[in-house]
Structures are given as C-alpha cells and as structure tokens.
C-alpha cells in the first residue's frame, strides 16, 4: 500500500516536472491594406505570441509563399530571427511587398521554427492563412475608387446645351409673358 | 364601317397641326438632334470612368446611342404634347397683352374681334409650341441623365463595364419613354 502511494507520488512529480518552462508560439499573418492593387504597396503583418510559460529561443520566421514572380519585396525581410521571446510577450514583423500581377491570389501560411525548452528539439508551427484575395488591376482600381473630378466637371460642361440652354430659353419666354400679363 | 376620309379642310389641317401629336419637320429634327446628343454624352463617362475603350466597344456604343435616342425622342414628343396645352392656357393673358401693345389704336379698330382672337390664338400657339418643346427637352434630359447616373454609378456600380452600359442605357431610356406616356403631370 505504501509502495503504491510512493509510486503514485513520484509519477505525479515526473509529470509536473516535464511540463515546466515550455514555450508555445502562436503566429498570425494579416494584410493591413483594405484594398489590394497591382503596382501599389501591400503591407503584411506577422504577430507572434508566446502563450507558454517558457522562453522560446532560436526563433525563426520564414514566409516563402510570396514568390518573386508575383510580388516585389519593397521593405522588410521574408526570413527573420529572434534570439528569445519571453513568455507572455509578443513580437511583430511587417513586410511591404508590391503585387506584380492582378487577379486572385492565395495567401497561405508562413512557418515558424523555435526551441520550446532547453535541450529540446526545434518545433515548427504555421501561421493563420489569409486565403484567396482579389488583387485589383490599376484600371479597375481607378474605375472604382478614383475621384474623377475632371471627368465629372467635363460631363457638367457637356450637359449645358442639353439642360441649361433649353431651360434658359423656356424661362426667358415664361418671364416675358408673365410680366406682360401682370403689367396689364 | 365607312372608310375614313383623308381630305381635311385647310382649317382642319391647321387645327390638327396645332393641337395634334404630330410634329413639324423642324420640330422633329430639333428633337432627334437633342436626343442623339444627350444619348452620346454618357459615352464620355463610360470611356473615362468605366475605362471602356471607344474603338473596342464602337458597335455597342452606336447601337446603345441610337436605341436610347429613339426612346428619348419619343419621350420629348409625348411630354411636349402634354405640356403644350397647359402652357397655352397660362400664356393667354400675356400674349393678348403683347398683341394689344403692338397694335396701334387705329389698327385695333379696323380689325374685327374674330380676327384679333385668331391672331392671339395663333401667337399663343406659337409661344406654347416653343416653350413646350424647350421644357420637354429639359425635363426629359434631366430625367434620363439622373436615371442613367443612378443606375450606372450606384445600383450597378460593381458590375463590369459592358453589362453596366447596356443595363444603364436601356433602363434609363426605356423608363424615360415609359414615364412620358403617363398623362398625369
């Protein structure tokens, strides 16, 4: 009986000891732009949260999903390293790219590699997926979002012979014959 | 049923010309020119804002402009007919005053009352004809352009340019023509 209690106590101690000081990283990937257009800058934000109770060491973030043929790197790096991420903290990394093609683009996950606890093997994790996003061509973007002030101004000028002129002619005639009747 | 007689007296023909729906040659030309012009104005918007190339869509634009011009001209004709009678009633006093002012006292004594009334009626009809044409053009063009802008840039904004053009032009011109057939104004 005593022997059983001792074995039970030791097994619990081992379980507790094995769960101590282990990091757990969660990686999110977000697009900061509300509208994505070919030829205009696109900002992608990576947030890494350490929700474990241990320090994450040798952290390496890599995103190989943005190919050179589809995106031009403007600012930031697609592969970043951090020495340590303390438990309960987060780090943020932003990359600015420029889409070279329009159309539907599938933004898949980035990968993070880190060491969760001392003398343990490196762990791998994947970020959240953004999914399929429509990249507008410059022509389509101008069609939908440009103010077109000059175009509307010219349209207003074109409508003068169709609207203003007939109404002025009518109004002049109306005024002439209304005044005459009032005078008499 | 007896066949209709097509032989009207000169007076009857004048009455038909003055009070009927048919337009004179001059009026028809004016209306069709206005209709073509107002139907062509949206091409500017579709070319510059919706980025539709003129040469690539030439056939569509020509057909759309002619279709729209037909219905807009029809609306001009209907609206002018409705407006002419109302305007003529309102201008009676003004026209009478104008003619009385132009005639000297001696002239006024020479011509009979019937002759004077005929002159007033003729002048009133001339004024009403011109004013009703101008007001019909203004009213119809305003309605057409407002409907076109609302449909193209609000209701169907997310549609691709070609369906947007077709729906907007056909819709705006058809509704303008349809509303002109209403007799309540």
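Throughout, read-outs are computed from the coordinates displayed, never taken from laboratory work. Quick caveat, the model's predicted, so the values are computed rather than measured. Cβ placement follows ideal geometry from the backbone for every residue including glycine, while neighbour counts extend to all protein chains displayed.
Computed with the Debye formula from one identical point scatterer per Cα of chain A, without solvent, the log10 of I(q)/I(0) at q = 0.15 Å⁻¹ comes to -0.94.
Looking only at Cα atoms, what is the convex hull volume of the protein assembly as shown per residue, in Å³?
Numbers: hull volume 109.5 nm³, N = 369.
Looking at the protein assembly as shown, the number lands at 297 Å³ per residue.
For segment B:105-185, a Kirkwood hydrodynamic radius built from all Cα pairs, placed in the Stokes-Einstein relation at 20 °C and 1.002 mPa s, yields a translational diffusion coefficient of 133 µm²/s.
Taking 0.36 nm per residue of separation and subtracting the current Cα-Cα distance, fully stretching the chain between residue B:55 and residue B:22 would add 8.1 nm.
For the segment B:141-147, counting C-beta atoms of other chains within 10 Å of every residue's C-beta and taking the mean gives 2. The C-alpha atoms of chain A define a longest principal axis, and helix A:149-158 lies at about 20 degrees to it.
What is the fewest-to-most order of B:139, A:167 by other Cβ atoms lying within 10 Å of their Cβ? It would help to have the intermediate numbers written out before the result.
Working: B:139 22, A:167 17.
So the ranking, lowest neighbour count to highest, is A:167, B:139.
Axis of helix A:165-183 versus longest Cα principal axis of chain A: the two differ by about 50°, to the nearest ten degrees. When peptides A:135-147, B:85-97 are ranked by their average number of other Cβ atoms within 10 Å per residue, the highest-first order is B:85-97, A:135-147. Ellipticity at 222 nm from helices only: DSSP H runs of n ≥ 4 in chain A, each -39500 (n - 2.57), divided by the residue count, give -9500 deg cm²/dmol.
Under the definition of partner shielding as Cβ atoms of other protein chains within 10 Å of a residue Cβ, what is the mean value for peptide A:158-171?
Numbers: counts 8, 6, 0, 6, 13, 7, 1, 4, 12, 7, 2, 7, 12, 4.
Other-chain Cβ atoms within 10 Å of each residue's Cβ, averaged: 6.
Mean per-residue shielding of peptide A:129-142 is 1, counting Cβ atoms of other chains within 10 Å of each Cβ.
May I ask you to derive the relative contact order of segment B:25-181, considering only C-alpha pairs under 8 Å and at least 6 residues apart, and to give it as an integer percent?
Averaging sequence separation for qualifying contacts and normalising by length gives 36 percent for segment B:25-181.
Expressed per residue, the C-alpha convex hull volume of segment B:25-181 stands at 123 Å³. Rounded to the nearest 10 degrees, the inclination of helix A:2-18 to the longest alpha-carbon principal axis of chain A is 40 degrees. Ranked by the mean number of other Cβ atoms within 10 Å per residue, highest first, peptides B:123-134, A:39-50, A:100-111 order as B:123-134, A:39-50, A:100-111.
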